Amino acid sequence: MEITAQRGLSGAPPFPQPRTCPYQPPETYRRLGEEAPLSRVTLFDGRVVWLVTGYHEARQLLADERISADRQRPDYPALAPRFQAEVARRLVLIGMDPPEHDEHRRLLNPDFSRRRVAELRPVIQDVVDHYVDRMLRLGPPADLVRDFALPVPSRVISEVLGLPGEDLEFFQEASRRLLQATTREDSQSAGEELIGYLDRLATRRRTESGPGLIGRLAREEVAGGTLSHSDLVQIALVILVAGHETTASTIALGTLALLDHPEQLARMQADPAAVPAAVEEVLRCVAVTDLAGARVATADIQIAGRTIREGDGVLLSGTMANRDDRVHQDAEDFDIGRTGRRHLSFGYGIHQCLGQSLARLELEIAFSTLFTRIPNLRLAVPADQLAARPLGSGTVQGVQEMPVTW
Ligand code: HEM
């Protein structure tokens, strides 16, 4: 289809657009990427913003102090109605600029370092084994999203934060409603439920002993006066939602990409040492957040022969930067033999994903265990029948369900 056929009134095509293949970008983004490293797109509210598809340009902008991630600014671009809810605009860390951002990040970095995350390997393996055992016990078919991809990261992030196990279902359901809400009101009410829950837990943890990050921050930082109680609640909320749906979607879409490339899957199954590189290729290819960031310019910026004006919205397309053929050879090929980690699926610059080591370890254990213990896993329906997540909630990609058999 011609891009011109899809342009809005402004002449700039609508953003976001639905994926045809759940782990590949829509054709329009590809065409925009082929035309120039920066283009114009139209958001749901009619606003025209920049879409940056070039790898170098995206990195340069993500590292530029003249762009802001502050979601409370009136000119911060809203990607969908749910981004206009108060809970989405007040997000700490991800929606903050320095110096506040850096203060919070410093408090959290040690808990998510590669070394600390490596200590979680046995916990993650237990969680993954539990859900594979359950699938095998119940027998085929299974829904890979409901029975594996979603509960695994959910259990893991609950362990990291120290949430009581019996709250898992509530928390899964409320975060799904928060992230998949198509209206501002639904997003706000799910967000308030989660905040109320975390508020009560953080208060309890200040005086009682209890495992996990919320307890540590409550007893060390809040009690010591270095962090406010409400900031702790907000930090827990951001970690919980950022760390859960993203990893779940990457497990599901990564499994789909591997099943679609049996020769690459066989390479991974034959050589356990190939799993980390396969994880990187899954991350590069599926880029579930679609965007490596959404920002607003706080000054005029010249880049790639264009001028981004102060107040302009800027969307950095991880999906397309990851396919920039100036950086990735045969960028369209799914090839687990690539070396290096030159993708923007975890973002770049000061907001680069806090949980990336955790996500990498979860993906590594999930794929290796799943395909070792169920080596003949396959889709139970044709791939083109998988229902993509509705667009109205933003840009996190996924499938609603994924029937599999073996
Ligand atoms: C495959 C899974 C994941 C993907 C694709 C992903 C992707 C991203 C991206 C693109 C950003 C940058 C956003 C921006 O600059 O605006 C980000 C930031 C963030 N991610 Fe992840 N993420 C994943 C897993 C996790 C996990 C497991 C956690 C749990 C700790 C987490 C927590 C965060 C937080 C707190 C930030 C904000 C960091 C900051 O602003 O300093 N993410 N993530």
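The values are calculated or read from the model by the stated rules, or taken from the named source; none is laboratory data. Small disclaimer: the values here were computed from a predicted structure and weren't measured. Note that we place each Cβ from the backbone using ideal geometry, even for glycine, and neighbour counts take in every protein chain shown.
Residues that are closer than 17 Å to T372 by Cβ, charged (D, E, K, R) and within 22 Å of the chain's Cα centre (by Cα) within the stretch 112-139 comprise just one, R121. Residue pairs whose Cβ atoms lie under 7 Å apart, sitting 6 or more positions apart in sequence or on different chains, and linking a residue in the stretch 28-54 that is closer than 24 Å to Q84 by Cα to a partner that is crowded, with 20+ Cβ neighbours inside 10 Å and among the charged types (D, E, K, R), are V49/D312; W50/D312. Criterion applied to A274, A278 was being within 15 Å of the ligand (Cβ to nearest atom), more than 26 Å from V87 (Cβ to Cβ) and of a type in the set (G, A, S), and the one residue passing it is A278.
A single member of V132, V127 is closer than 26 Å to A257 by Cα, more than 16 Å from the ligand (Cβ to nearest atom) and touching a Lys or Arg at 6+ places or on another chain (Cβ under 7 Å), and it is V132. When we screen V314, V399, V404 for residues that are at pLDDT 95 or above and either under 16 Å from A278 (Cα atoms) or within 16 Å of the ligand (Cβ to nearest atom) (or both), the only hit is V314.
Consider the stretch 357-395 and keep the residues that are within 13 Å of the chain's Cα centre (by Cα) and either part of a loop (DSSP other than H, G, I, E, B) or without any contact (Cβ under 8 Å) to a residue 40 or more places away in the chain (or both). The one that is nearest to the ligand (Cβ to nearest atom) is T395. Scanning the stretch 107-150 for residues being surrounded by fewer than 20 Cβ atoms within 10 Å (Cβ to Cβ), without any contact (Cβ under 8 Å) to a residue 40 or more places away in the chain and either among the acidic types (D, E) or closer than 22 Å to T405 by Cα (or both) gives a total of 9.
Within the stretch 146-174, restricting attention to residues that are away from the ligand (no atom under 13 Å from the Cβ) and at pLDDT 95 or above, the residue that is farthest from G254 (Cα to Cα) is D147.
Between L354, L316, which is part of a strand (DSSP E or B) and of a type outside the set (K, R)?
Answer to the check: L316.
Checked across the stretch 251-269, the condition of being more than 16 Å from the ligand (Cβ to nearest atom), in a strand (DSSP E or B) and either polar (S, T, N, Q) or within 30 Å of I214 (Cα to Cα) (or both) holds for no residue. Taking the conditions (1) within 16 Å of the ligand (Cβ to nearest atom); (2) closer than 30 Å to L107 by Cα; (3) within 21 Å of the chain's Cα centre (by Cα) in turn, M320 satisfies each one other than (2). Within the stretch 92-102, which residues are more than 9 Å from the ligand (Cβ to nearest atom) and at pLDDT below 95? E100 - this is the single residue of the stretch 92-102 that is more than 9 Å from the ligand (Cβ to nearest atom) and at pLDDT below 95. Counting residues in the stretch 66-79 that are closer than 30 Å to T369 by Cα, among the β-branched types (V, I, T) and within 15 Å of the ligand (Cβ to nearest atom) gives zero. What do you reckon, is A278 more than 23 Å from I94 (Cα to Cα) and touching a residue at least 12 places away in the same chain (Cβ under 8 Å)? It is true that A278 is more than 23 Å from I94 (Cα to Cα) and touching a residue at least 12 places away in the same chain (Cβ under 8 Å). For the stretch 292-306, the criterion of being among the polar types (S, T, N, Q), within 12 Å of the ligand (Cβ to nearest atom) and more than 19 Å from G394 (Cα to Cα) is satisfied by no residue at all. Of the residues making up the stretch 204-215, those that are in contact with a Lys or Arg (Cβ under 9 Å, 6 or more places away or on another chain) and assigned to a helix (DSSP H, G or I) number 5.
Residue count for the stretch 220-236 under the criterion of being without any contact (Cβ under 8 Å) to a residue 60 or more places away in the chain and in a helix (DSSP H, G or I): the result is 6. Take the residues in the stretch 72-88 that are in contact with a helix residue (DSSP H, G or I) (Cβ under 7 Å, 6 or more places away or on another chain) and surrounded by fewer than 20 Cβ atoms within 10 Å (Cβ to Cβ); name whichever of them is farthest from R309 (Cα to Cα). Filtering first and then ranking leaves E86. For the stretch 272-315, a residue qualifies if it is polar (S, T, N, Q) and in contact with a helix residue (DSSP H, G or I) (Cβ under 8 Å, 6 or more places away or on another chain), and exactly one does: T289. When you look at Q356, is it of a type in the set (S, T, N, Q) and surrounded by 17 or more Cβ atoms within 10 Å (Cβ to Cβ), yes or no? So Q356 passes the test.
Look at (1) within 16 Å of the ligand (Cβ to nearest atom); (2) under 26 Å from L120 (Cβ atoms) and you find that G340 fails only one, number (1).
Quickly run through the stretch 392-406 and pick out the residues that are touching a Phe, Trp or Tyr at 6+ places or on another chain (Cβ under 9 Å) and surrounded by fewer than 17 Cβ atoms within 10 Å (Cβ to Cβ). Selection gives G392 alone.
Going by what's in this entry, would A299 be described as more than 21 Å from P25 (Cα to Cα), touching a residue at least 40 places away in the same chain (Cβ under 8 Å) and in a loop (DSSP other than H, G, I, E, B)? Yes.
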